[in-house]
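The values are calculated or read from the model by the stated rules, or taken from the named source; none is laboratory data. Keep in mind it's a predicted model, so treat the numbers as computed, not measured. Every residue, glycine among them, receives a Cβ derived from its backbone with ideal geometry; neighbour counts consider all protein chains shown.
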Amino acid sequence: MPVVGIVAEYNPFHNGHLYHLHQAKRLTSADGVVCVMSGNFVQRGGPAVVSKWARAEMALKSGADLVFELPFCFAVRSAYHFARSAIQLLERTGVVTHVCFGAETENLGLLQRIAAVLQDEPAEFRAAIKTFLSRGDSFPLARAKAMSQYFHRQIPDIDPEAVFHTLTGPNNILAVEYLRVLQETKSTLQPVIIPRRQSSYHGLQLTRYASATAIRQTLAQPNWEDMVSHCLPSTSLNILGREFACGRGPVFENTMGPVILALLRRSATDEIARLYDVTEGLENRIKKAAHESNSLAELKKSIKTKRYNLTRINRILLYVLTNLTKEKVKVFDETGPVYLRLLGFSPFGQKILQKIKTNQGIFLVNRVKQVQQLLPHNRYPVARQMLDLDFMATDLYSIFLAEPHRKGGKDYTTSPVFLS
């Protein structure tokens, strides 16, 4: 049976996500929808506005059948690593036949041509990236310029301007990475793209298809429900209202400021240097900024350069919070995700789970209380380190909630959401 896979953050689940999910089912004639979703922290380096279980519930109530958590060590990385691990996870279910993702373009052929260049990385393309980086461009901009230049010189049948604009669209960037990984791994998953509707990824207009960014920026307002009611399915609106009313949200990144500043001020420079993605002496700039900043926003502004954009800095500061080091990441990247952590399921999802359970290539983590027996440290050290990092991320996220929700251990006490 066709089963479509969707990779998402649902932060929060809005009308655009609902459209995407329904279109994914329609275009693939899928019987079921399997979602791979970021946990309590998201790819751009901030906390999710509500917990992974609340967001999984939103997805299930809008038509998803299974929601699995993308392990923290992959969910908070650059687009390539995020895409690679998500595709690996969908492949390892053994049941997913298609992967469906959004883009600012509907030109799948162009995206695939760009992905092929990224996979091959010709010398001329690599040299051009270095040239643009040396001129002070950020990596995403340098890559877009280098790709446009490469197409102009080597693939003249495609407009280089179209190539450049394609690689500056946030959804396109991720779409290209999914396609790159599919080519790289010779995956059997069939790609399907759905053009983004109306609002751009960072658009701030509260239209019917408003971006998640616009919606999140409104959630701090006293009358947020009236302001965003037309942007969200009623189920998402109700779940947000419930979570906020009991103090389980909204969580915004500025709440992390004092903790991150404290950690940086007590950390030695060589400790910061060991963190993933800290390179070229950036640790010195970070340490200096931590002593001179009053807030998280001020800290980021002090660290930011043309070379190190805000998204990369956001992620590095999250690595400070979780002590995600280069050494740990190297080990995790060698295996990719080694378990399926279930966050929620529908009745039909339960049937899909039965098929997944016959797949011996990956662990299915349903009830975390069984983890000690399922993944003992001495037999599966990488799996346990990866899972322990997920648990720690949840425990740290809980600190940013209202009392009495700041206690740790929620991964051991919270069952997967079941949509009866």
Number of the exception - residue 261 against (1) modelled with pLDDT under 95; (2) surrounded by 20 or more Cβ atoms within 10 Å (Cβ to Cβ); (3) not in a loop (DSSP other than H, G, I, E, B): (1)
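Being assigned to a helix (DSSP H, G or I) and basic (Lys, Arg) is the filter; apply it to the range 292-312 and report the residue that is farthest from the chain's Cα centre (by Cα). First the steps, then the outcome.
Within the range 292-312, the subset assigned to a helix (DSSP H, G or I) is 292, 296-303, 310-312.
Okay, now just the ones that are also basic (Lys, Arg), so 300-301, 312.
Working: 300: 20, 301: 23, 312: 13 Å.
The extreme case among them is 301.
Do we have residue 336 as closer than 28 Å to residue 420 by Cα and in contact (Cβ under 8 Å) with a residue 40 or more places away in the chain here? Don't jump to the end; show me each part of the working.
Values: closer than 28 Å to residue 420 by Cα: no; in contact (Cβ under 8 Å) with a residue 40 or more places away in the chain: yes.
Judged against the criteria, residue 336 is not a match.
Could you name every one of the helices (runs of 4 or more DSSP H) located completely within the range 313-420 that has at least 1 residues being aromatic (Phe, Trp, Tyr), touching a helix residue (DSSP H, G or I) at 6+ places or on another chain (Cβ under 6 Å) and exposed (fewer than 14 other Cβ atoms within 10 Å of the Cβ)?
Working: elements: 326-335, 347-356, 371-374, 381-399, 410-413.
Once the helices (runs of 4 or more DSSP H) in the range 313-420 are filtered for at least 1 residues that are aromatic (Phe, Trp, Tyr), touching a helix residue (DSSP H, G or I) at 6+ places or on another chain (Cβ under 6 Å) and exposed (fewer than 14 other Cβ atoms within 10 Å of the Cβ), what remains is 410-413.
Restricting attention to the range 261-273, does a residue exist that is among the polar types (S, T, N, Q) and farther than 29 Å from residue 327 by Cβ? Walk me through it before giving the result.
Just the residues of the range 261-273 that are among the polar types (S, T, N, Q), to begin with: 267, 269.
Subset that is farther than 29 Å from residue 327 by Cβ: none.
Checked against the condition, which is being among the polar types (S, T, N, Q) and farther than 29 Å from residue 327 by Cβ, the range 261-273 yields no hits at all.
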Set 369, 330, 351, 355: member being within 28 Å of residue 257 (Cα to Cα) and basic (Lys, Arg): 330
Hits in the range 128-142 (condition: crowded, with 20+ Cβ neighbours inside 10 Å and within 27 Å of the chain's Cα centre (by Cα)): 129, 142
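Identify, please: which residue in the range 1-38 is of a type in the set (S, T, N, Q) and surrounded by fewer than 19 Cβ atoms within 10 Å (Cβ to Cβ) and is, among those, nearest to residue 176 (Cα to Cα)? First the steps, then the outcome.
From the range 1-38, those of a type in the set (S, T, N, Q) are 11, 15, 23, 28-29, 38; that's our starting set.
When the remaining residues are screened for being surrounded by fewer than 19 Cβ atoms within 10 Å (Cβ to Cβ), the result is 23, 29.
Details: 23: 20, 29: 24 Å.
Looking at residues that are of a type in the set (S, T, N, Q) and surrounded by fewer than 19 Cβ atoms within 10 Å (Cβ to Cβ), I get 23.
Pick out, from the range 58-140, the helices (runs of 4 or more DSSP H) lying fully within it that include 1 or more residues that are farther than 17 Å from residue 178 by Cβ, modelled with pLDDT of 95 or more and touching a helix residue (DSSP H, G or I) at 6+ places or on another chain (Cβ under 9 Å).
Helices (runs of 4 or more DSSP H) meeting the threshold: 72-75, 123-134.
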Enumeration of residues in the range 101-155 that are in contact with a strand residue (DSSP E or B) (Cβ under 7 Å, 6 or more places away or on another chain) and either small (Gly, Ala, Ser) or free of Cβ contacts under 8 Å to residues at least 40 places away in the same chain (or both): 102, 103
Single residue of 55, 26 found to be basic (Lys, Arg) and under 20 Å from residue 250 (Cα atoms): 55
Top-ranked residue of the range 290-312 - restricted to ones that are among the small types (Gly, Ala, Ser) and touching a residue at least 24 places away in the same chain (Cβ under 8 Å), ranked as surrounded by the most Cβ atoms within 10 Å (Cβ to Cβ): 290
Selection from the range 237-258 of residues that are touching a Lys or Arg at 6+ places or on another chain (Cβ under 8 Å) and either of a type in the set (Val, Ile, Thr) or outside any loop (DSSP other than H, G, I, E, B) (or both): 239
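Please verify whether residue 395 is modelled with pLDDT of 95 or more and closer than 27 Å to residue 46 by Cα, treating the condition exactly as stated.
On the way: modelled with pLDDT of 95 or more: yes; closer than 27 Å to residue 46 by Cα: yes.
Answer is yes for this residue.
Let's see how each residue does on (1) under 21 Å from residue 416 (Cα atoms); (2) charged (D, E, K, R):
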residue: 2; (1), (2): no, no
residue: 8; (1), (2): yes, no
residue: 13; (1), (2): yes, no
residue: 19; (1), (2): no, no
residue: 22; (1), (2): no, no
residue: 25; (1), (2): no, yes
residue: 28; (1), (2): no, no
residue: 32; (1), (2): yes, no
residue: 41; (1), (2): yes, no
Any chance residue 254 is modelled with pLDDT of 95 or more, of a type outside the set (Phe, Trp, Tyr) and either under 24 Å from the mean Cα position of the chain (by Cα) or surrounded by fewer than 19 Cβ atoms within 10 Å (Cβ to Cβ) (or both): no
